[in-house]
Structures are given as structure tokens and as C-alpha cells.
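Structure record follows, encoded as C-alpha cells.
The values are calculated or read from the model by the stated rules, or taken from the named source; none is laboratory data. Everything quoted here is computed from the prediction, not taken from an experiment. All Cβ positions, even for glycine, are placed from backbone atoms using ideal geometry, and neighbour counts span all protein chains on display. Heavy atoms of the whole protein, side chains included, go into the accessibility calculation; ligands, DNA and RNA do not. Shrake-Rupley method; radii C 1.70, N 1.55, O 1.52, S 1.80 Å.
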Amino acid sequence: MAVRVVIIGGSSGGLAVARELRHHLGADRALITVSATEPHFTFIPSLTRVATGTRGVDQISLDLAPALASQQVGFVQQRVVTIDPDRKLGVIGQGEYPYDFLVIATGHRSANEAVAGLGPFDGPGHSPMLVTGAVELASAVRALIKEPGPVVVGAAPGASCLGPSYELAFELDHLLCRRKLRHRVPISFVTPEPFLGHMGMGGAGKIRQVLEGAFEKRDISYPTSAAVTKITESAVESRGSGPVPSILSIIVPPLAGVPVVAGTPRLANLKGFIPVDSHCRQSSLDGVYAVGVAVALAPVEETAVAVNFPKTGHMTEQMALIAARDIVARLEGHEGQTAELSARCLLDMGDRGIYLAVDPVRPPRDRIPTVSEGRRWLLVKRAFERRNLWHARRGRSLPTSVGW
Ligand SMILES: Cc1cc2nc3c(=O)[nH]c(=O)nc-3n(C[C@H](O)[C@H](O)[C@H](O)COP(=O)(O)OP(=O)(O)OC[C@H]3O[C@@H](n4cnc5c(N)ncnc54)[C@H](O)[C@@H]3O)c2cc1C
């Protein structure tokens, strides 16, 4: 009888697990079902470009149903409302889906409530973390171009996804320069990090110097160890320092697990993230795996203001391969291989890019991180977006040596 695998999440993590499983197990050996809340896969790293108006959501999205059907993977566009690990059952919408293996790739819930006034829909602050937020931010950027004024970009205490806040600071600077408005828009970057480029992983090589140099060259001020507490129509307030004037405030929130994960007994930690072992198996529930942003990863160190460990797209893909190959190995009666996570990231600066490679992500590292800046990395990032979508449409795996 075919093994039943239910995958919750139709984004980078869930799709990579489905692809890898199907690569090893034909339709006669595995019945694979993916559930996602949206009908589309969206290439999330390009949401910053949606926010700055250089990309439309339709240009970075594809329909999941035909893409998965071509891989003989079932798709249910419904929210998983209950996970019952004792009965090995997922309740998706109205239907019950028994599983032998459950892979959870549900990403995050933005904990916007951590900062008073961080909207986007119920406060003046903006966040690029979801498609809806990026689209709403794009209209706020258009309003800024009509009526320029001070801008604050940054992250809240406890944030872990700091890359997009750097990208937005750079991309806005570039956009405003092109429009010859930059002199009318002071930009501040407020971050909980103890120094630029900490990124929740304790920094890496010369990334700090590269980012500080770039911010200084572009006249972006950067208060560090800042604990943003409140966003108003005219300022961003931080604990222990005066308000920074801002008519457009973009703050990356701390993340939490999605409700169905956070609400399932014994599945997740207090923040709603799932503790896993080196095979990406949930620590105590048989047959349950987690990959990507849904996984609990402890911070590397205590900092004056909390900064959490990053969970990048590249790391998500590595976790997906580990989990899928472990399932295949277990079906064959042995253990899957494990590997320490590395990260290769591409940072969009609007007119150029930064390539950062760290191996392993979590210090201490036995290899010197690579940090490189130049226009070529921007072109690589843009090409990667197209390549990622092309591969997602055809159910093909990306070589993990490519940066994200
Ligand atoms: C603005 C932004 C920019 C980024 N830029 C980069 C970058 O440049 N480089 C990089 O490496 N990483 C980047 N990242 C991080 C990267 O996008 C994530 O690591 C990656 O998206 C994680 O994939 P995931 O599958 O774990 O979760 P997600 O992409 O968040 O997907 C979660 C999936 O779960 C589904 N889901 C959630 N709850 C349920 C439910 N109850 N039932 C059914 N389905 C559910 C959703 O529909 C979705 O399909 C960025 C992140 C953001 C937000």
C-alpha cells in the first residue's frame, strides 16, 4: 500500500519536500497531498520589490494546482484547522486526511501586536512580510513619492527576518535617488541588532563593515540596539531614546507559529515553533516533521535587545531535503543523513547586491564567511527569482549551491 504523506504549506518548504519525495517515490509508492491557504505559490523574497513598485504580485506567483498535478501530487487549497498526532490525522477544511508522515511547512504568523501601531491594516506602521502587506506598502510608497518626508525602516525586538528590512532601506534609497527626491527624504534604519549585519547569527566576516559603509555612503542613519515600542502617524518610538520622525514606517515584526501549530498540544514551543532533531523530525511525535520558518531555532546569543535566529529560504530548502530523504530512508529501513545548515543569501540594494555565504550558519564556524558586493549579485538575485519560479512550475529542485 502507498505511504500517505500530508504536507501543510505550499511555499518554499512544502514544495521542496513534495518534489524531493516524488523524485524518490513514484505515485504507486507514495500518496502525497499538499495543503495551502492560498491557490498560489509566491516567491516571497521578491515582496520587497512589490513594495517598491518594481514587481507585480502576478509576476512572482504561480498557480499551485497545475504545478502540483504535473508531479502527481494532490493539492487542497484549504486551511488545516486541526492536527491530531495521536490519530495521525490532519483536518483540512471539512475533510479528514490520515497520514503516515506529516510535514509541517506553515511558515510564520507575523506577531505585529508586539509593536503598538504596527499595521498595516490597523495602524500606521507597515510590514512587508506577507503579500497583502507588501501590496499595501506599495501604495504608501507611491504616496511618499507624491509627498516626500522622513522614513524609518527597521525591525522590532525579537525579529529574525532582518534581510528584507535592509533591502527595503537600500531599495527605497535607490528609488528616491532615481526620482531625484532623496534629499527630501531622510532615511533611518532602526534595528535591535547590536551592530549592522548581526542578522541574528552573530555577524559574519566583513558584512558589518560592508553594510556600515553602504549606509554611510547613502546617508542612512542606523541606531542599533533599538527597541521599537510604538509607531505613530509621525514618528517611530524606541525604548530609551527620543522619537524618530517618520511619515512612512516599515518595521519587520517578530514572528510566531501559525495558530493550528501553536494550538496543537505537544507539537510546538511557547512561540508556536516546532522543535526538531537533526533529521527535522518533531522531537516527540511519531511521523511528524517540520521544515522552514515553522521550525524552532534558538538564538545564537543574548543581546541587549533580542534578535532571533534567521530562517532563510536556502536553509528552508536544506531542511526540506533532509526531511524528505529521511522519510525515504525510513521506508527503506534505515536512518536518513543529516547535515549542518549553511546559508547563501543575496541582498538586493536596488542598484547592486551583496552575496553572503556562511557555513555553518550557527557559529562557531570552521570556514571563513564570504561577503561580496557588486552589481553582478543584483543580476544573480533577479535571475534567481525567474529560475526559482521556473523550477517550482516544473517541480524541479534547485541546486542548493545557488544563493537566495
Ligand atoms: C519579505 C521577505 C523577504 C525575504 N527575503 C529572503 C531572501 O532574500 N533570501 C532568503 O533566503 N530568504 C528570504 N526570506 C525568507 C524566506 O522567504 C523564507 O525562509 C521562506 O519563505 C520559508 O518558507 P516556508 O515554506 O517555511 O514558509 P512560507 O513561505 O511562509 O510558507 C508558508 C506556507 O504555509 C501555508 N500555511 C500556513 N498555515 C496554514 C494552514 N493552517 N493550513 C494550510 N496551509 C497553511 C501558507 O499558505 C504557505 O503556503 C524572506 C522573507 C520575507 C517575508
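Of all residues in segment 328-365, which are under 21 Å from residue 102 (Cβ atoms) and outside any loop (DSSP other than H, G, I, E, B)? Listed by number, the residues that qualify are 328, 329, 330, 331. Looking across segment 154-164, the residues that are open to solvent by less than 10 Å² (accessible area, probe 1.4 Å) and within 12 Å of the ligand (Cβ to nearest atom) come down to 155, 159, 162. Scanning segment 34-53 for any residue that is more than 12 Å from the ligand (Cβ to nearest atom), assigned by TED's automatic domain parsing to the domain that holds residue 319, touching a Leu at 6+ places or on another chain (Cβ under 7 Å) and part of a strand (DSSP E or B) turns up nothing. Would you confirm, using the coordinates I've provided, whether residue 365 is open to solvent by 100 Å² or more (accessible area, probe 1.4 Å) and either modelled with pLDDT under 85 or not assigned by TED's automatic domain parsing to the domain that holds residue 316 (or both)? Criteria not met by residue 365.
Residues of segment 142-153 that are surrounded by fewer than 23 Cβ atoms within 10 Å (Cβ to Cβ) and either in contact with a strand residue (DSSP E or B) (Cβ under 8 Å, 6 or more places away or on another chain) or not basic (Lys, Arg) (or both): 143, 144, 145, 147, 148, 149, 150. The test for being open to solvent by less than 30 Å² (accessible area, probe 1.4 Å), over 22 Å from residue 199 (Cα atoms) and not aromatic (Phe, Trp, Tyr) does not hold for residue 354. Please indicate, with yes or no, whether at least one residue in segment 234-252 is closer than 21 Å to residue 373 by Cα, touching a strand residue (DSSP E or B) at 6+ places or on another chain (Cβ under 7 Å), among the basic types (Lys, Arg) and more than 16 Å from the ligand (Cβ to nearest atom). Checking segment 234-252: not a single residue is closer than 21 Å to residue 373 by Cα, touching a strand residue (DSSP E or B) at 6+ places or on another chain (Cβ under 7 Å), among the basic types (Lys, Arg) and more than 16 Å from the ligand (Cβ to nearest atom). Against the definition (within 10 Å of the ligand (Cβ to nearest atom) and either open to solvent by less than 10 Å² (accessible area, probe 1.4 Å) or touching a strand residue (DSSP E or B) at 6+ places or on another chain (Cβ under 6 Å) (or both)), how does residue 109 come out, yes or no? In short, yes.
Conditions tested, residue by residue: (1) at positive phi; (2) within 16 Å of the ligand (Cβ to nearest atom).
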{"site": "322", "(1), (2)": "no, yes"}
{"site": "325", "(1), (2)": "no, no"}
{"site": "332", "(1), (2)": "no, no"}
{"site": "336", "(1), (2)": "no, no"}
{"site": "340", "(1), (2)": "no, no"}
{"site": "350", "(1), (2)": "yes, yes"}
{"site": "358", "(1), (2)": "no, yes"}
{"site": "379", "(1), (2)": "no, yes"}
{"site": "383", "(1), (2)": "no, yes"}
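Screening the candidates 383, 304, 320, 296 for the property of being out of contact with any helix residue (DSSP H, G or I) (no Cβ under 8 Å at 6 or more places or on another chain) and surrounded by 15 or more Cβ atoms within 10 Å (Cβ to Cβ) yields one hit, 296.
Going through (1) β-branched (Val, Ile, Thr); (2) under 22 Å from residue 319 (Cβ atoms); (3) out of contact with any Phe, Trp or Tyr (no Cβ under 9 Å at 6 or more places or on another chain); (4) open to solvent by 10 Å² or more (accessible area, probe 1.4 Å) one by one, residue 247 falls short only on (2).
Number of residues in segment 279-327 that are farther than 24 Å from residue 204 by Cα and in contact with an Asp or Glu (Cβ under 8 Å, 6 or more places away or on another chain): the value is 11. Only one entry in 233, 237, 216 is open to solvent by 50 Å² or more (accessible area, probe 1.4 Å) and in contact with a Lys or Arg (Cβ under 7 Å, 6 or more places away or on another chain), namely 237. Looking at segment 197-212, which of its residues are open to solvent by 10 Å² or more (accessible area, probe 1.4 Å), assigned to a loop (DSSP other than H, G, I, E, B) and either in contact with a helix residue (DSSP H, G or I) (Cβ under 9 Å, 6 or more places away or on another chain) or among the charged types (D, E, K, R) (or both)? 199, 206, listed by residue number. So which residues in segment 59-106 are more than 12 Å from the ligand (Cβ to nearest atom), hydroxyl-bearing (Ser, Thr, Tyr) and open to solvent by 20 Å² or more (accessible area, probe 1.4 Å), if there are any at all? The one that is more than 12 Å from the ligand (Cβ to nearest atom), hydroxyl-bearing (Ser, Thr, Tyr) and open to solvent by 20 Å² or more (accessible area, probe 1.4 Å): 70.
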